[in-house]
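> What follows is a single structure, and I will ask about it in a moment.
What follows is calculated from the coordinates using simple rules that are stated; it is not laboratory data. The shown structure was predicted, so the numbers you read here are calculated from the model rather than taken from an experiment. A quick note on method: Cβ atoms are made from the backbone with ideal geometry, for glycine too, and the neighbour counts reach across all protein chains shown.
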Amino acid sequence: MAENNGSSCSHTGESNPEELDKAVQDCLRQIKHKLLVFSGKGGVGKSTVAVNLAKAFADTGAKVGLLDIDFHGPSVPVMLGLKGYQAIQGRDGILPYEEGNLKVMSIPFLVGQEDAAVIWRGPMKMHVIKQMLGYVSWGELDYLIIDSPPGTGDEPLSVCQTIEDADGAVVVTTPQDVAVADVRRSINFCEQLKLPVLGVIENMSGFVCPKCGEVVNIFKSGGGQEMCQQMEVKFLGSIPLDPQVVEMGDAGKVFSAEATSGPAQQAFAEIVQKLEL
Ligand code: ADP
């Protein structure tokens, strides 16, 4: 765990709503780029994309924060081997988990993995999102990657309302989803909120053979790109179904040196290059 950087970004203790809003704004002002990672539904690899994008940005030497506010399935602690990790209070705020130039905050770091989905309900969630920005010592960052709740309901709406000056959203889909309304709904949702769509990532696109490394298209391919053309949004790229992604995620090693090679990792690095911020 790194030392608190003494930044004035965060605050301690309870405060009134105006103070909390000010703390959030003070925090956001120190972060150059804020990216929301969305998906039309759960299970398409939204958290996997958020974690790997954070890693790919950090690999460029940038200062990166990863904020996991997926209340229903906070999988970031598992993917990073941080299950059971409890955040502690620093001098100026709650300390995020820190590893090199990466900082991470996830709901279970504050309330435990089991309680995360149970405790925070309704309007409390908005409050918690704000606290995870305003009361956490993020300090100065080049990028904040936000793993948002799935769908287009109240929760992602709260996230957008809290982070008004976000650069935009990265929308994650799978090849099977592109024909259905989910992804389109996510894009329309962003448009209604005047949140730029930075692009669409097609995850689980093709299978990487663990024996020979060749990519086999199990589902159809090219559907994501086609949909992007129709909806006039940028196609950021495809991430193959890669056994290494599951292994590293389950073993909590997504940030480890072991997880730096392979077709999926390469695809994430290329996507980071394509993002126009
Ligand atoms: P979501 O956040 O959309 O619910 P997750 O990121 O938790 O989805 O991913 C669901 C499961 O799929 C996880 O076990 C994850 O390791 C696996 N997964 C995601 N993307 C890939 C991929 N490209 N290759 C292989 N497994 C993947």
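> Rounded to the nearest 0.05, what FRET efficiency do residue 220 and residue 276 give with R0 = 22 Å and r taken as the Cβ-Cβ distance? Could you check? Spell out each step's value before the answer.
Numbers: r = 28 Å, r/R0 = 1.25.
E between residue 220 and residue 276, to the nearest 0.05, is 0.20.
> Let's test the formula: R0 of 35 Å, r as the Cβ-Cβ distance of residue 266 and residue 83. What FRET efficiency results, to the nearest 0.05?
0.80
> Next question, about the same structure. Principal axis extents for the chain, Cα atoms only, whole Å, descending order, please.
Principal extents (Cα only, largest first): 53, 41, 34 Å.
> While we're looking at this one, here's another question. What is the extension gain from residue 212 to residue 234, computed as 0.36 nm multiplied by their sequence separation minus the C-alpha to C-alpha distance, in nm to one decimal?
Length difference between fully extended and current span is 4.8 nm.
> Based on DSSP H runs of at least 4 residues, each adding -39500 (n - 2.57), what is the mean residue ellipticity at 222 nm of the chain after dividing by all its residues, to the nearest 500 deg cm²/dmol? Show your work: numbers first, answer last.
Numbers: 11 runs with 102 residues, N = 277.
So the calculated ellipticity at 222 nm is -10500 deg cm²/dmol.
> Check residue 172: other-chain or 5+ apart residues with amide H under 5 Å from its amide H, H built from backbone geometry?
38, 39, 40, 201
> When we measure straight from the Cα of residue 220, which aspartates and glutamates land under 12 angstrom away, once same-chain ones fewer than 8 places off are left out?
The qualifying aspartates and glutamates are 177, 202.
> To continue, here is another question. Quote the charge dipole size of the chain about the Cα centre in Debye, to the nearest 20; the model charges only the Cβ of Lys and Arg (+1) and of Asp and Glu (-1).
260
> If we count every other residue with Cβ under 12 angstrom of residue 266's Cβ, Lys/Arg +1 and Asp/Glu -1, where does the sum land?
Once all neighbours under 12 Å are counted, the net charge is -3.
> Also, I was wondering about something else. 5 Å is the cut-off here: which amide hydrogens, built 1.01 Å from N in the peptide plane, fall below it relative to residue 85, excluding neighbours closer than 5 in sequence?
The list, which skips near neighbours in sequence, is empty: none.
> Among 148, 105, 201, flag the residue with its Cα farthest along the positive direction of the charge dipole of the chain, charges on Cβ as +1 for Lys/Arg and -1 for Asp/Glu.
201
> Another question, if that's okay. For the residue pair residue 193 and residue 124, what label-to-label distance in nm results when each label sits 7 Å from Cα along the Cα-to-beta-carbon direction?
Calculated label separation equals 2.2 nm.
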